[in-house]
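S.K.: Pasting in a structure now, in structure tokens, and then I'll have a few things to ask.
The values are calculated or read from the model by the stated rules, or taken from the named source; none is laboratory data. Model, not experiment: these values are computed from the prediction. Using ideal geometry, Cβ is built from the backbone for each residue, glycine included, and neighbour counts are taken over all protein chains shown.
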Amino acid sequence: MDNSLIIALDFPSGQDVSNFIKPFAGQKLFVKIGMELFYQEGPSIVYQLKELGHRVFLDLKLHDIPNTVKSAMKGLARLNCDLVNVHAAGGKEMMQAALEGLEAGTAAGSKRPLCIAVTQLTSTSQEQMNKEQLIPVSLNESVLHYASLTKEAGLDGVVCSAWEAGMLRENLGQAFLTVCPGIRMENDNVQDQKRVATPEFARNSGVSSIVVGRSITRSADPLTSYQQWMEAWKGVNK
Ligand SMILES: O=c1ccn([C@@H]2O[C@H](COP(=O)(O)O)[C@@H](O)[C@H]2O)c(=O)[nH]1
């Protein structure tokens with residue numbers, strides 16, 4: 001899954017998704033289904049997108065007691081998605097349980113979905129983390145701590161901002177995935193994101209894959225916008 005641009009399909013219905021992907025006919029995309037879409041459409045939206053040949057990141061960010069997460073992951077493994085995730089704040093035991101569930105739910109002879117953990121949301125600032133979460137360290141320290149726990153638990157990588165990706169590569173190795181949302185073109189509206197970076201910065205920091213939502217899905221011409229984003233991410237004409 002290295003060097004993918006994952007499109008966040010943050011839509012309220014499957015019909016909106018169909019309208020969005022129509023101009024991409026024939027292209028195999030890597031898409032992300034988050035809570036908004038999954039809570040409305042359920043597993044059928046995963047099946048539909050897989051049937052069309054797209055890779056699917058099911059971004060439900062599980063965070064519960066280990067037994068509950070294990071059982072939920074067992075069910076998610078049966079959906080045949082490519083990537084799933086949890087919150088690292090759930091702890092090492094919960095993350096290990098997530099993997100056990102995924103392995104138990106993966107059909108014999110099939111590959112289990114990759115599993116990554118959210119470190120600190122890209123909508124979280126240093127100040128908010130210190131004051132609201134009462135975590136009295138720097139954002140980098142917190143992200144490195146959560147990512148180290150994630151690696152110890154045996155997961156495949158983390159969700160972090162592009163600003164932390166270089167540090168994580170140095171400390172945890174380049175095989176450990178860094179999947180980064182909060183990506184914006186220079187001068188774009190950052191909306192609710194706090195730790196944002198450009199696709200060029202992400203590429204130069206060794207990010208594994210970027211997640212881009214509204215900049216593409218809310219654009220007047222999503223296909224052209226996607227092509228421009230791909231060029232910026234891959235460094236075409238640089
Ligand atoms: O830390 C995180 C974890 C997940 N996300 C998700 O990524 C996309 C980003 O969308 P944009 O429109 O490009 O801001 C969205 O689905 C989030 O739920 C994240 O942003 N940060």
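S.K.: Quick one: how many residues across segment 167-189 are within 18 Å of the chain's Cα centre (by Cα) and within 12 Å of the ligand (Cβ to nearest atom)?
M.R.: 7
S.K.: Of everything in segment 1-32, what is over 16 Å from Lys50 (Cα atoms), of a type in the set (Gly, Ala, Ser) and in contact with a strand residue (DSSP E or B) (Cβ under 7 Å, 6 or more places away or on another chain)? Give them in sequence order.
M.R.: Hit for segment 1-32 is Ser4, nothing else.
The rows are residues; the columns are (1) part of a loop (DSSP other than H, G, I, E, B); (2) farther than 23 Å from Phe30 by Cβ.
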| site | (1), (2) |
| --- | --- |
| Arg112 | yes, no |
| Glu141 | no, yes |
| Leu144 | no, yes |
| Thr150 | no, no |
| Gly154 | yes, yes |
| Gly166 | no, no |
| Gln174 | yes, no |
| Asp188 | yes, no |
| Arg195 | yes, no |
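S.K.: Being under 17 Å from the mean Cα position of the chain (by Cα) and either touching a residue at least 60 places away in the same chain (Cβ under 8 Å) or within 11 Å of the ligand (Cβ to nearest atom) (or both) is the filter here, so list the residues in segment 200-228 that pass it.
M.R.: Ser208, Ser209, Ile210, Val211, Val212, Gly213, Arg214, Ser215, Ile216, Thr217
S.K.: Further question: Could you count how many residues in segment 136-171 are touching a residue at least 60 places away in the same chain (Cβ under 8 Å) and either buried (at least 22 other Cβ atoms within 10 Å of the Cβ) or touching a Phe, Trp or Tyr at 6+ places or on another chain (Cβ under 6 Å) (or both)?
M.R.: The qualifying residues number 4.
S.K.: So which pairs qualify, if the first residue must be in segment 116-129 and assigned to a loop (DSSP other than H, G, I, E, B), the second must be more than 8 Å from the ligand (Cβ to nearest atom) and among the acidic types (Asp, Glu), the Cβ gap must be under 8 Å, and the two must be at least 6 apart or on different chains?
M.R.: These pairs meet every condition: Thr119/Glu164.
S.K.: Scan (1) touching a Leu at 6+ places or on another chain (Cβ under 9 Å); (2) within 15 Å of the ligand (Cβ to nearest atom) for the single condition Gly91 breaks and write down its number.
M.R.: That leaves (2) as the condition not met.
S.K.: Are any of the residues in segment 42-51 surrounded by fewer than 17 Cβ atoms within 10 Å (Cβ to Cβ), modelled with pLDDT of 95 or more and either within 16 Å of the ligand (Cβ to nearest atom) or outside any helix (DSSP H, G or I) (or both)?
M.R.: Yes, segment 42-51 has at least one match.
S.K.: Where the second residue is hydrophobic (A, V, I, L, M, F, W, C) and part of a helix (DSSP H, G or I) and the first is more than 13 Å from Ala117 (Cβ to Cβ) and lies in segment 79-97, which pairs have Cβ atoms under 6 Å and are six or more apart or on separate chains?
M.R.: Leu79/Val46; Cys81/Val46
S.K.: Still on this structure, I have one more. Of the residues that sit in segment 3-41 and are out of contact with any Leu (no Cβ under 8 Å at 6 or more places or on another chain), without any contact (Cβ under 8 Å) to a residue 40 or more places away in the chain and among the hydroxyl-bearing types (Ser, Thr, Tyr), which one is farthest from the ligand (Cβ to nearest atom)?
M.R.: Ser18
S.K.: Looking at segment 172-192, I want the residues that are within 19 Å of Val84 (Cβ to Cβ) and have a partner that is assigned to a loop (DSSP other than H, G, I, E, B) and within 10 Å of the ligand (Cβ to nearest atom) with Cβ atoms under 7 Å, at least 6 apart or on another chain. Which pairs are those?
M.R.: Going by the 7 Å Cβ cut-off, the qualifying pairs are Thr178/Cys160; Cys180/Cys160; Cys180/Ser161; Pro181/Thr122.
S.K.: If you take the residues in segment 197-238 that are in a loop (DSSP other than H, G, I, E, B) and touching a Ser or Thr at 6+ places or on another chain (Cβ under 6 Å), which one is nearest to Asn19 (Cα to Cα)?
M.R.: Going through the qualifying residues, I end up with Ser219.
S.K.: Another question, then. Answer yes if at least one residue in segment 77-87 is of a type in the set (S, T, N, Q), touching a strand residue (DSSP E or B) at 6+ places or on another chain (Cβ under 9 Å), at negative phi and not in a strand (DSSP E or B), and no otherwise.
M.R.: No, every residue in segment 77-87 fails to be of a type in the set (S, T, N, Q), touching a strand residue (DSSP E or B) at 6+ places or on another chain (Cβ under 9 Å), at negative phi and not in a strand (DSSP E or B).
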